[in-house]
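This report concerns only the one structure given below.
Every number here is computed from the coordinates shown, using simple stated rules; none is lab data. Being a predicted model, the structure only gives us computed values, none of them experimental. Note that each Cβ is placed from the backbone with ideal geometry, even for glycine, and that neighbours are counted across all protein chains shown.
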Amino acid sequence: MEAEIIESQLEKALEADLQIGGVQVVGCKRTRPEFLEWILRLSGQGDTFGSILENLTEVIDAVKQTDTFESVEAYLEESKDKGKTDVIFTLEEKQRTSITLGTESGGTFGDTTVGGSFHVRNVFGRLETLRANAGSSPTSVTSSASSSMGSKNYFSLEFTKPFLFDLASSLGFRLYSSEEKISYSVDKYGADVILSLPLLTLSYEASWRKVGQAPSSSGAKIREQCGHSFKSAVTAVSVMDLRDNPLSPNFGLFTSVKAELAGLFGDARHFLHEYEGQFHLPLGQSGLVFNSCAKTGMINRLPRSGPVHVIDRFLVGGPASMRGFRSRGVGEHDGRDPLGAEFYATAFMGLALPIGFSGLLRSVSAKAHAWGMVGDVNSLESLTPKVLKPRSWFESTRASVGVGITAALPIGRLEMNWCHVLRSSGSDREKNGVQIGLTQSFS
């Protein structure tokens, strides 16, 4: 009975009419107090005690995600104006600059790079961030005929302005340059404008690319693509991440949809679309986890355009895309150089069991896992007959299995696997035995 009375009184208190009078900010060194007041009013102030508390919670969570403050707290205090309350923010700002280590996936050859970032927080006092990133990824490329070293070096400068329209929107600008090499080189210089909205990120990219330094040992298909090209593209990405841990998930869902239209200006003219889905489920109380991931992508040339350039195609292979095969080692090669694909599909299933119950192993969520993968790559010309004849899909399907250990490190997900390729095709580059990979997240 007493609990019911307390609950009833609490409901009445939350529904009581109340308005915000003034906003005070304590602890500002670089942050502009009027900006926090603007954010609060942007979220909608509310007209009851309960709605004001709810809006304050949303504002505090959003401000914390900017990585500007060590702590953010808010208090309500009776205002001089009757029927109103004052909001008092108490802040503790982080150091203005910091250096971090991490990983970045992508690039022409699909490698994961390890690098560092230099952050400048709260550039103009409105929670903006300026970040300089630099990194490198030495990789090994081996064929039956020869072996050589490849690498990627990159640098980027990014500026992000949060709270553009609401608590979940931001605007970013990025300048970047990269140099990637296998037997030939790809140099890129470009700029991006990025608009982030709830569940959707829109961007525009303008980049100048150069393919060069192809030795005489490179195939004719690579040498004929040497030269300069310009890419102008609009990209839309929608991501929903409900995983408990992106590096070592135990349960949850993940979906990603990407669409890119290139051809507004320049000679790169295509429509690219990619899809990814993940499902993770704990099995019983032992800690055993079922992990799964499926990906597919297609790139279509636009009307009155030439073949899709090799640096725009999908390059599949390696721990981030097809375990048991060398980095970018799945699909057609011209000599030792990968030519990429206009279509790919991969599927992963595995069982993982924690092995770290104390100490260092527990701190990095160490697990032992057993897994299997299947995948395929094709050109669009060869894909059409397969659609008409479903049985032909299995003629070029690749498959691999393996066991290994995973760890969630501060710089990314580490996998050390023993792999065995069950099935390969054409000029694939297999990687039977031990394979070590570092990726941004589970994939």
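Across the cross-link table entries K188/K295; K221/K295; K367/K431; K152/K221; K188/K221, which are compared at the Cα atoms, the separations over 24 Å belong to K188/K295; K221/K295. Since only C226, S400, Q19 are under comparison, the one whose Cα sits farthest along the positive direction of the charge dipole of the chain, derived from C-beta charges on Lys, Arg, Asp and Glu, is C226.
Compute the angle between helix 49-64 and the longest alpha-carbon principal axis of the chain, please, reported from 0 to 90 degrees and rounded to the nearest 10. The angle comes out near 40 degrees. Taking a Cβ cut-off of under 11 Å around R30, the surrounding Lys, Arg, Asp and Glu residues balance to a net charge of +4, with basic ones at +1 and acidic ones at -1.
Using Cα-Cα distances under 8 Å and only pairs 6 or more residues apart, what relative contact order does the chain have, in percent? Computed over the chain, the figure is 9 percent.
Give the calculated FRET efficiency between K161 and L422 to the nearest 0.05, with a Förster radius of 41 Å applied to their Cβ-Cβ distance. For R0 = 41 Å, the calculated efficiency reads 0.25. Taking a sphere under 15 Å around the Cβ of G324 and counting the other residues whose Cβ falls inside, with K and R at +1 and D and E at -1, yields a net charge of +3. Within 12 Å, Cβ to Cβ, of S229, how many net charges do the neighbouring residues add up to if Lys/Arg are +1 and Asp/Glu are -1? Overall, the nearby charge balance is +2.
P(r) tail for the range 297-411: Cα pairs beyond 25 Å make up 39% of the total. Charging the Cβ of each Asp and Glu at -1 and of each Lys and Arg at +1, and nothing else, the dipole of the range 316-443 about its Cα centre rounds to 420 debye.
By the Cα gyration tensor, the chain has an equivalent ellipsoid whose semi-axes, rounded to whole angstrom, run 47, 27, 21 from largest to smallest.
For the peptides 263-273, 71-81, the ranking by mean Cβ contacts within 10 Å, running from highest to lowest, is 263-273, 71-81. Quick check: the angle from helix 33-42's long axis to the longest principal axis of the chain, C-alpha only, nearest 10 degrees? Long axis of 33-42 versus the principal axis of the chain: about 80 degrees.
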